Number of protein chains: 2
Amino acid sequence: MKAAKQTLALSSVYRLLEPGPVVLVATSHKGRANIMTMSWHTMIDFEPPIVGCVISNRDFTFGLLKASRECTINIPTVELAAKVVRCGNTTGRTVDKFKAFGLTPTPASHVAAPLVAECYASLECKLIDARLATKYNFFILEVVKAWIDPSRKNPRTIHHRGRGVFMVAGRTIRLPSRMK
Amino acid sequence: MKAAKQTLALSSVYRLLEPGPVVLVATSHKGRANIMTMSWHTMIDFEPPIVGCVISNRDFTFGLLKASRECTINIPTVELAAKVVRCGNTTGRTVDKFKAFGLTPTPASHVAAPLVAECYASLECKLIDARLATKYNFFILEVVKAWIDPSRKNPRTIHHRGRGVFMVAGRTIRLPSRMK
């Protein structure tokens, strides 16, 4: 289950997040690590890869991210769907989600927040702009290091449709595009 | 091909955008309408539905949106993929994309920008916050009216993986979630 991850070029990060997968955000502050489930994110720039995301001020992660100014974004596939939902149904205030759900924190290289070993890709992020955090719970992150399991050619990411309904990534099509 | 659309409750809009589909953004200013292809968007709040999106200052739509402060977001399915890519490969400065690609503009109810009839869902949007537009090309929109073709139960949306590679929405799974 645990992905053997290698470095991914920062210029390719947008190809992971642009399709809209549910992700796990891991944070750590003063030795306290947490995971949350998140679907409200978007790429903002290609390189360096800049990501915008919404983390509610009701979430335990909100305070950990504001205090540590770091996090990791980890991309799960459908095999992890039940654990992903459990991470979304609980709060880190009362549960150590890594232990409770059998997810493995491994050290990142540029941030104190852990990577989630079971996810096929992980992005190490620094918080670079929180000016919309108060009004919109919106954070802007820079990805400073990216990891991917190169053996996963067509990852079955999951995409939330609300109320526990998820679309699983289907077939791939190719069209002659000038888009990056 | 043209969707017979009905009103969708604004509280359900997040269920359309959260999975990360490629969308068509339509704008209109002084009688000049345009369409662009966009994948960099995220929900920001549930109700009223607030959406954040990145529209490059190199895109013709950037100026039309800033001037008119309105747009529509239209969600295509895989049958429209070739037209979606053509909209992304061209610029409205020199091409009337509605005419060139056989897409049908129909009147919206709250904004001057047209709906794209062929898309299974359309959202009428007002620009409410452009303070990050200069630095990040990031616009914050409020959805003021939503339309959907209720006959489309499992829409095969397309999700961009970069360089003309698209993931087509696959099967649906349900898990016991407390997430909205």
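The values are calculated or read from the model by the stated rules, or taken from the named source; none is laboratory data. Everything numeric here is computed off the predicted structure, so don't read it as measured data. When we count neighbours, we look across all protein chains shown, and the Cβ atoms used for this are built from the backbone with ideal geometry, even at glycine. Calculation scope for accessible area: heavy atoms of the full protein, side chains included, ligands and nucleic acids excluded. Shrake-Rupley method; radii C 1.70, N 1.55, O 1.52, S 1.80 Å.
Some observations on this one:
Conditions (1) surrounded by 22 or more Cβ atoms within 10 Å (Cβ to Cβ); (2) out of contact with any Lys or Arg (no Cβ under 8 Å at 6 or more places or on another chain); (3) more than 12 Å from every other protein chain (Cβ to nearest Cβ); (4) farther than 30 Å from residue B:140 by Cβ, marked per residue:
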{"residue": "A:73", "(1), (2), (3), (4)": "yes, yes, yes, no"}
{"residue": "A:89", "(1), (2), (3), (4)": "no, no, no, no"}
{"residue": "A:137", "(1), (2), (3), (4)": "no, yes, no, no"}
{"residue": "A:144", "(1), (2), (3), (4)": "no, no, yes, no"}
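- Of the residues A:80, A:127, A:64, the single one that is farther than 23 Å from residue A:13 by Cα and open to solvent by less than 40 Å² (accessible area, probe 1.4 Å) is A:64.
- Residue within the stretch A:98-106 that is within 14 Å of chain B (Cβ to nearest Cβ) and either over 30 Å from residue B:82 (Cα atoms) or open to solvent by less than 10 Å² (accessible area, probe 1.4 Å) (or both) present: yes
- All positions within the stretch B:135-166 that are modelled with pLDDT of 95 or more, closer than 22 Å to residue B:117 by Cα and charged (D, E, K, R): B:142, B:145, B:149, B:156
- Segments classed as strands (runs of 3 or more DSSP E), wholly inside the stretch B:97-180, with at least 2 members that are under 30 Å from residue A:130 (Cβ atoms): B:121-129, B:138-148, B:158-160
Here is a yes/no grid of residues against (1) without any contact (Cβ under 8 Å) to a residue 40 or more places away in the chain; (2) not hydrophobic (A, V, I, L, M, F, W, C):
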| position | (1), (2) |
| --- | --- |
| A:84 | no, no |
| A:88 | no, yes |
| A:94 | yes, yes |
| A:98 | no, no |
| A:120 | no, yes |
| A:146 | no, no |
| A:160 | no, yes |
| A:166 | no, no |
| A:174 | yes, yes |
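- The stretch A:146-164: number of residues that are touching a helix residue (DSSP H, G or I) at 6+ places or on another chain (Cβ under 8 Å), within 7 Å of chain B (Cβ to nearest Cβ) and open to solvent by less than 20 Å² (accessible area, probe 1.4 Å): 2
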